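A.B. asks: Would you mind keeping the following structure in view while I ask a few things?
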Amino acid sequence: MTYQEQTSQIRRLVEDHQGTWDGIDPDAVARMRAQNRFRTGLDIARHTAAILRRDMAAYDSDPARYTQSLGCWHGFIGQQKIISIKKHFGSTEGRYLYLSGWMIAALRSQFGPLPDQSMHEKTSVPALIEELYTFLRQADARELGMMFRDLDAARAAGNEIEAQRLLHAIDHHETHVVPIIADIDAGFGNAEATYLLARKMIEAGACALQIENQVSDEKQCGHQDGKVTVPHEDFLAKIRACRYAFLELGVEDGIIVARTDSLGAGLTKQIAYSRAAGDLGDQYNAFLDCEPVTDIATLRGDVVIERDGQLMRPKRLPSNLYQFRAGTGEDRCVLDCITALRNGADLLWIETEKPHIEQIAAMVDRIRAVVPDAKLVYNNSPSFNWTLNFRQQVYDAWDAAGRDLSAYDRARLMSVDYDETPLAQEADERIRTFQRDASARAGIFHHLITLPTYHTAALSTDHLARDYFGEAGMLGYVRGVQRVEIREGIACVRHQNMSGSDIGDDHKEYFAGEAALKAGGVHNTMNQFAA
């Protein structure tokens, strides 16, 4: 229904109340409805799930149509990302938000800063999803509110052409509400706990849940040591729990991202249950590091398994954990991914120790030999030293090609001394095209950076503190922040408008008419930024 159709419908509704609703302006109601398009988190989840499914199909047709997102730890950060995307690119198509469990642990826990080990409050995850969408919906309300003001000005000036242009823009307004891929860690408990949390996250608006195959109570950050995985059946129970939550709430297009940490996880807490040779449990156990039992008297409360007709003792550590054979990580990742896709997952996430296209592609090729449309979400992590990794990759490629490397020391490639060298320039070009190249070669549908604003906040605050508390004084803020905001058209330079002050003024006028006490008058200092 168009804005004008909404207005006409509401006008008839007001008239039906025989004068008792005459104080209600149908135009204002239509505007408020347009500014509040999404009534519930489930409305958002259904809308954004459809976007993600459409984008997945587009990628299957053309790998150049990969998607991207940046991690968030506050609603304002997420809002500004999407506002900036619309400003610079004209559309949010193919660009999402990522909700990082690492950033919730480090920045949103009542316990204070925590490592990424699922020790933070699980309720903080759906709370952040709801917060992000609250800010994104306000971005809609703000942008539409400015368009409504422009419409009133055009009508008052008798400019019908401009009024019609604005009406068309209002009817075709692109929302700031985009998909959020949300980190549910390892489910924060058993499958029932996973289901309960998944339901809360979906009710808050999440259309995509990313869950990993680590043991919930031993969970580690994907780029740290000591990771412990679970047998496939345990993980599949949690995938099914997420799917049940989506289906119960009517989000039939909900997306499950199955993450495997097996590449860097050398430990398991359990030996998988096996019914028959070659079944899933048997395949999991086949990767265990075992030694043959030659003397039963040597067993001391040990677990033993049968392998190829021989009794074997899995090596158990003092922590009561079992270890996998070295060098089996890639094989375990491939099995994890195929198993997840065959049992309800939609997308894959392989956590790697470095951004290396051929390493990822080698695993994806094996997965796609079984599941041809397999697609990845990939963590372009700040935990990688991108500069060093890619300079080393170029060095090694040049070395293999027989090029002269006498000007370079591989152990010192991070040095500023190399920043302007041909090797560094080629490395930077590989970094620039990494997402495009990896999507074409390695099946990566979605690229994200988990912790970008953690680092940007630290960097910008460092620069401001250095200047403001130093010799620059107030000029440190003006030159480094405000003047740049003005020159680059950053909307937050008018921070009262961004916080909703003008929306509030509109509502005051709807509710009180000429008696409204509005903040946006001639003495509002935000008028200094009108130009």
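The values are calculated or read from the model by the stated rules, or taken from the named source; none is laboratory data. In this text the structure is predicted, and so the values were computed from the model without any measurement. Glycine also receives a Cβ, built like all others from the backbone with ideal geometry; neighbour counts cover every protein chain displayed.
A.B. asks: Just for helices (runs of 4 or more DSSP H) wholly inside region 375-492: which have at least 2 residues that are of a type outside the set (S, T, N, Q) and in contact with a Ser or Thr (Cβ under 9 Å, 6 or more places away or on another chain)? Spell out the reasoning first.
C.D. replies: Values: elements: 386-400, 422-432, 434-442, 452-468, 474-477, 483-488.
Fully inside region 375-492 and qualifying: 422-432.
A.B. asks: Against the condition crowded, with 18+ Cβ neighbours inside 10 Å and farther than 22 Å from ARG436 by Cβ, how does TYR59 come out, does it pass? Even if it seems obvious, please write down each step before you answer.
C.D. replies: Numbers: crowded, with 18+ Cβ neighbours inside 10 Å: yes; farther than 22 Å from ARG436 by Cβ: no.
No.
A.B. asks: Turning to a different aspect of this structure: Can you name the number of the only condition in (1) surrounded by 13 or more Cβ atoms within 10 Å (Cβ to Cβ); (2) out of contact with any His (no Cβ under 6 Å at 6 or more places or on another chain); (3) among the hydroxyl-bearing types (Ser, Thr, Tyr) that TYR378 fails?
C.D. replies: (2)
A.B. asks: Additional query: Across region 107-135, what is the number of residues that are without any contact (Cβ under 8 Å) to a residue 60 or more places away in the chain and hydrophobic (A, V, I, L, M, F, W, C)? Break it down stepwise before answering.
C.D. replies: So the first thing to find is which residues in region 107-135 are without any contact (Cβ under 8 Å) to a residue 60 or more places away in the chain, and the list is 108-114, 119-121, 124, 128, 131, 134.
In the following step, the residues that additionally are hydrophobic (A, V, I, L, M, F, W, C) were identified as 111, 114, 119, 128.
Here the count works out to 4.
A.B. asks: Pull up region 382-403, narrow it to residues that are among the aromatic types (Phe, Trp, Tyr) and modelled with pLDDT of 95 or more, then point me to the one that is nearest to LEU448 (Cα to Cα).
C.D. replies: TRP386
A.B. asks: Could I ask something else about it? List pairs: first in region 5-32 and outside the structural domain of ASP505 (by TED's automatic domain parsing) and more than 18 Å from GLU509 (Cα to Cα), second small (Gly, Ala, Ser) and at pLDDT 95 or above, Cβ under 6 Å, 6+ apart or cross-chain?
C.D. replies: Final answer for the pair search is GLN6/ALA30; ILE10/ALA30.
A.B. asks: Among the residues of region 362-374, which ones are surrounded by fewer than 19 Cβ atoms within 10 Å (Cβ to Cβ) and not in a loop (DSSP other than H, G, I, E, B)?
C.D. replies: Let us first name the residues in region 362-374 that are surrounded by fewer than 19 Cβ atoms within 10 Å (Cβ to Cβ), namely 362, 365-366, 368-373.
The answer is ALA362, ASP365, ARG366, ARG368.
Conditions tested, residue by residue: (1) at pLDDT below 95; (2) among the aliphatic types (A, V, I, L, M); (3) assigned by TED's automatic domain parsing to the domain that holds LYS81.
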{"position": "ASP150", "(1), (2), (3)": "no, no, yes"}
{"position": "ALA156", "(1), (2), (3)": "no, yes, yes"}
{"position": "ASP185", "(1), (2), (3)": "yes, no, yes"}
{"position": "THR194", "(1), (2), (3)": "no, no, yes"}
{"position": "GLU203", "(1), (2), (3)": "no, no, yes"}
{"position": "ALA237", "(1), (2), (3)": "no, yes, no"}
{"position": "CYS242", "(1), (2), (3)": "no, no, no"}
{"position": "LEU247", "(1), (2), (3)": "no, yes, no"}
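A.B. asks: Report every pair of residues separated by at least 6 positions or lying on different chains whose Cβ atoms are under 6 Å apart, first residue within region 162-177 and farther than 19 Å from LEU136 by Cβ, second surrounded by 15 or more Cβ atoms within 10 Å (Cβ to Cβ) and of a type in the set (Phe, Trp, Tyr).
C.D. replies: Pairs that qualify, where the first residue is farther than 19 Å from LEU136 by Cβ and the partner is surrounded by 15 or more Cβ atoms within 10 Å (Cβ to Cβ) and of a type in the set (Phe, Trp, Tyr), are ASP171/TYR3.
A.B. asks: With the checklist (1) farther than 27 Å from TYR96 by Cα; (2) of a type in the set (Asp, Glu); (3) surrounded by 14 or more Cβ atoms within 10 Å (Cβ to Cβ) in hand, flag the one item ASP462 doesn't pass.
C.D. replies: Tallying (1) farther than 27 Å from TYR96 by Cα; (2) of a type in the set (Asp, Glu); (3) surrounded by 14 or more Cβ atoms within 10 Å (Cβ to Cβ), ASP462 fails exactly one: (3).
A.B. asks: Search region 490-528 for residues being within 20 Å of GLN35 (Cα to Cα) and of a type in the set (Asp, Glu), and hand back the single one that is farthest from the chain's Cα centre (by Cα).
C.D. replies: Taking the candidates together, the pick is GLU509.
A.B. asks: Do we find that PHE529 is more than 23 Å from LEU136 (Cβ to Cβ) and among the aromatic types (Phe, Trp, Tyr) in this structure?
C.D. replies: Numbers: more than 23 Å from LEU136 (Cβ to Cβ): yes; among the aromatic types (Phe, Trp, Tyr): yes.
So PHE529 fits the description; yes.
A.B. asks: If we scan region 258-279, do we find a residue that is part of a helix (DSSP H, G or I) and free of Cβ contacts under 8 Å to residues at least 60 places away in the same chain? Walk me through how you get there before you give the answer.
C.D. replies: So in region 258-279, the residues part of a helix (DSSP H, G or I) come out as none.
There is no residue in region 258-279 that is part of a helix (DSSP H, G or I) and free of Cβ contacts under 8 Å to residues at least 60 places away in the same chain.
A.B. asks: Can you work out which of the residues in region 426-444 that are loosely packed, with under 13 Cβ neighbours inside 10 Å and not basic (Lys, Arg) is farthest from VAL377 (Cα to Cα)?
C.D. replies: Our first condition is that a residue be loosely packed, with under 13 Cβ neighbours inside 10 Å; within region 426-444, this holds for 429, 432-433.
From the residues that got through so far, the ones that are not basic (Lys, Arg) too are 429, 433.
Values: GLU429: 22, THR433: 17 Å.
Across region 426-444, the extreme among qualifying residues is GLU429.
A.B. asks: Given the residues ILE350, ILE360, which is the only one that is in the same structural domain as LEU388 (by TED's automatic domain parsing), in contact with a Lys or Arg (Cβ under 8 Å, 6 or more places away or on another chain) and modelled with pLDDT of 95 or more? Talk me through it step by step, then tell me what you get.
C.D. replies: Values: ILE360 fails: in contact with a Lys or Arg (Cβ under 8 Å, 6 or more places away or on another chain).
Among ILE350, ILE360, only ILE350 is in the same structural domain as LEU388 (by TED's automatic domain parsing), in contact with a Lys or Arg (Cβ under 8 Å, 6 or more places away or on another chain) and modelled with pLDDT of 95 or more.
A.B. asks: When the residues of region 507-531 are filtered to those that are part of a helix (DSSP H, G or I) and small (Gly, Ala, Ser), which remaining residue is surrounded by the fewest Cβ atoms within 10 Å (Cβ to Cβ)? Reasoning before the result, please.
C.D. replies: Restricting attention to region 507-531, the residues satisfying the condition of being part of a helix (DSSP H, G or I) are 507-515, 525-529.
Pick out the ones that are also small (Gly, Ala, Ser) and you get 512-513, 515.
Numbers: ALA512: 11, GLY513: 10, ALA515: 8.
By that ranking, first place goes to ALA515.
A.B. asks: May I ask you to verify whether PHE148 is in contact with a Gly (Cβ under 9 Å, 6 or more places away or on another chain) and touching a residue at least 12 places away in the same chain (Cβ under 8 Å)? Spell out the reasoning first.
C.D. replies: Details: in contact with a Gly (Cβ under 9 Å, 6 or more places away or on another chain): no; touching a residue at least 12 places away in the same chain (Cβ under 8 Å): yes.
No.
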